[in-house]
Amino acid sequence: MEEHDNKFQSRIDAGEFVEPKDSMPDAYRNHLIRQMSQHAHSEVIGMQPEGNWISRAPSLRAKQILLAKIQDEGGHGLYLYSAAETLGISRSEMIDQLQKGKAKYSNIFNYPALTWADIGAIGWLVDGAAIVNQISLQRTSYGPYSRAMLRICKEESFHQRQGYEIMAKMMKGTKEQQEMAQDAMNRWWWPALMMFGPHDSDSPHSSDAFRWKIKREGNDELRQKFIDKTVQQSEVIGLTIPDKELKWNEQKNIYDHGEINWDEFNQVIRGNGPCNKQRMEHHIKYHEEGAWVREAAEAFKNKKAKKENLINA
Amino acid sequence: MATDTQLDLWEVFIQPKSGNRYAHAGSIHASDKKMAIQNARDIYTRRGEGTSIWVVPSNCIIASDPNDEDMLFEPSNDKVYRHPTFYEMPEGAKNI
């Protein structure tokens, strides 16, 4: 067993990718199933806050863009479910774990999208933060996960840009529109920073993930990257980042920032965020209401197979 | 009683441009060939990534065992005479 693990580790250390049929330690497999299914669930649950605005998009252009973006999120969920299935877990098991609360999804989607500016903030900040994380995951050691990340990153940059465009437009609009954009910024900034997870020193799964090169950069490192590139973007359009301690640090060449409210983070993880209950009820409701479609497809397949058997007999 | 399943697993191969080889893009779920092509199109070609799609039921793909890598691929390493650079060409010969 130990010899097997050493051999695996030396493959990882040599920079090799791991493919579905390769032998791998159970802990590596389970770590990936947990991380990848959580990632897939996040993409799918993430469709809900935005879906809320399809019928109220302010123009046909905005509606088409939003529909395309939400369709992408569904697609990303499907890439990731497929990639996770190569590890031996079925789609049904993953959905079951989500619906029973055994598998998590990103905390960020437990916040509501209250105004149209929130759609801008979600694209710019939430997708922006996700991109920083996902670019890093392109080099993850599990082949199918890495390939899914490459495809997803190519598509995400449209998401971030459409969000930033919404914010920029509102900041050029009326005073009310500007206030609405700033209000969305104020509500989404901190939850976006929380998306990178706890400080590395408090992160329960970090050391294995680094050893196996599932993860290559720490939560704090990625969070800092996101802050450093977002500050300038917000200045350009005249938005204020809601952090009084945010300050350029000349020595370190980074922005120093205030402490994240980890109590809030933990509360939302435990299910006490503004929308946890609503998100899960919605997922279960439409999963159950869609059952007849899957059943009909199976019945149609079986009927056709029977017919073909009769012809071939 | 009908059973609620997540349908069958298919592998998707996409030809990016006319004349190119088909490359594996990922997998999808579908109950039959027609749905498989439609789902592959919706999931893997939203931005004109291809000119044509193949879908193959995943259980029809036979893969080599990664542990057999040495047995299967090692022998080609000692047959360097299969590569053109193995041969010595006379000084001055051109276009060869």
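Results, tabulated for the structure shown:
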quantity: Partner lysines for B:Lys17 [C-alpha distance under 27 Å; skip if fewer than 8 residues away on the same chain]; calculated: A:Lys69, A:Lys154, B:Lys33, B:Lys34
quantity: Along chain A, longest interval not containing exposed GluC sites (Glu not before Pro), exposed being DSSP loop plus at most 12 other Cβ atoms within 10 Å; calculated: A:1-244
quantity: Kirkwood hydrodynamic radius of the stretch B:8-65, Cα pairs, Å; calculated: 11.6
quantity: Efficiency of FRET from Cβ geometry, A:Glu221 and B:Asn77, R₀ 45 Å, rounded to 0.05; calculated: 0.65
quantity: Order of A:Asp263, A:Asp220, A:Asp118 - criterion: other Cβ atoms within 10 Å of each residue's Cβ, fewest first; calculated: A:Asp263, A:Asp220, A:Asp118
quantity: Fraction in percent of alpha-carbon pairs per bin - 5 Å, the stretch A:133-292; calculated: 1, 7, 12, 15, 16, 19, 16, 8, 4, 1, 0, 0, 0
quantity: Calculated FRET value between B:Ala93 and A:Ser90, using beta carbons and R₀ = 60 Å, to 0.05; calculated: 0.45
quantity: Ascending count of other beta-carbon atoms within 10 Å, so fewest first, for A:Cys275, A:Cys153, B:Cys60; calculated: B:Cys60, A:Cys153, A:Cys275
quantity: Cα-projected label distance for A:Asn261 with B:Lys33, points at 7 Å along beta-carbon direction, nm; calculated: 5.8
quantity: Qualifying lysines (Cα of each under 24 Å from Cα of A:Lys21; at least 8 residues distant if same chain); calculated: A:Lys7, A:Lys213, A:Lys215
quantity: Cβ-defined net charge surrounding A:Trp292, 13 Å radius [Lys, Arg +1; Asp, Glu -1]; calculated: -4
quantity: Taking B:Met89, A:Met195 and counting other C-beta atoms within 10 Å, the order from fewest to most; calculated: B:Met89, A:Met195
quantity: All-pairs Cα distance distribution in chain A, expressed in whole percent, bin size 10 Å; calculated: 5, 24, 32, 23, 11, 4, 1, 0, 0
quantity: Choice from A:Asn107, A:Asn249, A:Asn266 showing the highest fluctuation, given a GNM over chain A with Cα pairs closer than 10 Å; calculated: A:Asn249
quantity: Helix-only mean residue ellipticity at 222 nm for chain A, each DSSP H run of n ≥ 4 adding -39500 (n - 2.57), per residue, nearest 500; calculated: -21500 deg cm²/dmol
quantity: Per-residue mean of C-beta atoms belonging to partner chains within 10 Å, peptide A:283-296; calculated: 2
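FYI, it's all coordinate maths here, none of it is from the lab. All figures in this text were calculated on a predicted structure; none of them were measured in a lab. Virtual Cβ from ideal backbone geometry, glycine too; neighbours counted across all protein chains shown.
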